[in-house]
Amino acid sequence: MSFVPVDDLLKAAEAGGYAVGAFNCNNMEIVQAIVKAAEIEKAPVIMQASQGAIKYAGIEFIVAMAREAASAAKVPVALHLDHGTGFDQIMWCIRSGFSSVMIDGSKKPLEENIAITRKVIECAYPLGISVEAELGKIGGTEDDISVSDREAMMTDPEEARYFVEKTGVGSLAVAIGTAHGRYKGEPRLDFDRLKKIRSLVNVPIVLHGSSGVPEDQIIEAVKLGVCKVNIDTNIREAFVDAVRKVAGDHPDEIDPRKILGPARDAATEIIREKIRIFGSSGKA
Ligand code: G3H
Ligand code: 13P
Ligand code: ZN
């Protein structure tokens, strides 16, 4: 089976009132865990590669692993570029087999973000490739920013309407109080902002930095129009915790498979849990 466009998955999610999990794949074990979890849950799934994953494994390796994992899958699988910033890299991903790309122009001034998003769309849409853009700055939990600065980084609903109108983008990542990485305290999503955005914008909304967001807030966000939920950190935690445990319990173990196998199982479990929270279990 070849990778399906993310937009197709998100349209079905929007109509069905659930969200599709977008899980970051960093190595072979995580690629396998994502597809296995989706198969067990009978859920559509998005595998995504970040800049860090591309630096670590390379585009071709990621595509080959993902393709192999998806080839036998009975559920729809998409391969998506996460936080693409360079036009050339985006083109390379498309040529290599990705079914979806994100152009993250969120650090640029609005009109430049619109221009680069349009440029990517012009190349991607004729090929049937989905495009996600970002408006507002999602940032990281490690960024030392005050509450008022965080507020200023959030997506402005009117600007979101203008952005979507001008670009025709397929899905939009918004800043509503989440951040990438491990939260220090409990995140509190700005649901009023999400409602406002949703009332002005008619494309599926994407939630980044979703690891560590309490279950009830994720469920509420999905109710309010979030159709794609990005998870990376929680998979890393589950994976590395398992590695530490096995290595700690068996200090003489030298077979990487005996250490990485349980880590793969731990990743599968956390991904299954997320899929159930997002409501996409049984939707394939
Ligand atoms: O943007 C989200 C990713 O979690 C960042 O991942 O460290 O692999 O680039 P990275
Ligand atoms: P977390 O690592 O916080 O789950 O964020 C993932 C993400 O948004 C990838 O784009
Ligand atoms: Zn992200």
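No value in this document is a laboratory result; all are computed from the given coordinates. Keep in mind it's a predicted model, so treat the numbers as computed, not measured. Here Cβ is always computed from backbone atoms with ideal geometry, including for glycine, and neighbour counts include all displayed protein chains.
The figures follow:
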read-out	value
Per-residue HN-Hα couplings for region 116-122 [Karplus 6.51, -1.76, 1.60; θ = phi - 60°; Hz; x = Gly/Pro]	5, 5, 5, 4, 5, 4, 4
Hz values of 3J(HN,Hα) by residue in region 146-152 - Karplus curve (6.51, -1.76, 1.60), Gly and Pro given as x	6, 4, 5, 5, 4, 4, 5
Computed [θ] at 222 nm, helices only, for the chain once each DSSP H run of length n ≥ 4 contributes -39500 (n - 2.57)	-16000 deg cm²/dmol
Set Lys137/Lys245; Lys42/Lys258; Lys36/Lys245 screened for pairs whose C-alpha atoms are more than 30 Å apart	Lys137/Lys245
In sequence order, calculated HN-Hα J values of region 203-217 (Karplus, 6.51, -1.76, 1.60; Hz; x Gly/Pro)	10, x, 9, 10, 10, 8, x, 8, 4, x, 7, x, 3, 5, 6
Nearest 10 degrees, 0 to 90: helix 28-41 Cα axis against the chain principal axis	80 degrees
Highest-first arrangement of 250-260, 120-130, where packing means the average Cβ count within 10 Å	120-130, 250-260
Rounded tilt (10° steps) of 87-96 against the dominant C-alpha axis of the chain	50 degrees
Contour excess over end-to-end distance, with Cα ends at Ile145 and Ile219 and 0.36 nm allotted per residue	24.0 nm
Net charge dipole size for the chain [Lys, Arg +1 and Asp, Glu -1 on Cβ; Debye, nearest 20]	580 debye
Rounded to 10°, Cα long-axis angle of helix 6-16 versus longest principal axis of the chain	80 degrees
Per principal axis, descending, Cα span of region 64-104 in whole Å	32, 15, 11
Stokes-Einstein D (µm²/s) once Rh is taken as the Kirkwood radius of region 193-284 over alpha-carbon pairs, at 37 °C in 0.692 mPa s	218 µm²/s
Residues with amide H under 5 Å from that of Ser130, placed H, sequence gap 5 or more	Val6, Asp7, Ser100, Val101
Candidates Ser96, Ser148, Ser50: whichever shows maximal mean-square fluctuation once the chain is modelled as a Gaussian network with Cα springs under 10 Å	Ser148
Alpha-carbon radius of gyration plus Dmax, which is the widest Cα pair, for the chain in Å	18.1, 60
Difference of contour (0.36 nm per residue) and Cα-Cα distance, Ser2 to Lys119	39.6 nm
Between region 187-225 and region 230-246, the Cα center-to-center distance that results, in Å	25 Å
Separation in nanometres of the label points that stand 7 Å from Cα toward Cβ, at Glu68 and Lys166	4.4 nm
Burial ranking of peptide ranges 265-277, 24-36 (average Cβ count within 10 Å, highest at the top)	24-36, 265-277
Violating pairs (Cα-Cα greater than 24 angstrom) within the set Lys11/Lys195; Lys223/Lys274; Lys119/Lys283; Lys107/Lys196; Lys119/Lys274	Lys119/Lys283; Lys119/Lys274
Cβ-Cβ FRET estimate between Lys107 and Asp252, R0 fixed at 35 Å, reported to 0.05	0.15
Residue (of Ala238, Ile219, Val201) at the positive-pole extreme of region 185-269, dipole from beta-carbon charges	Val201
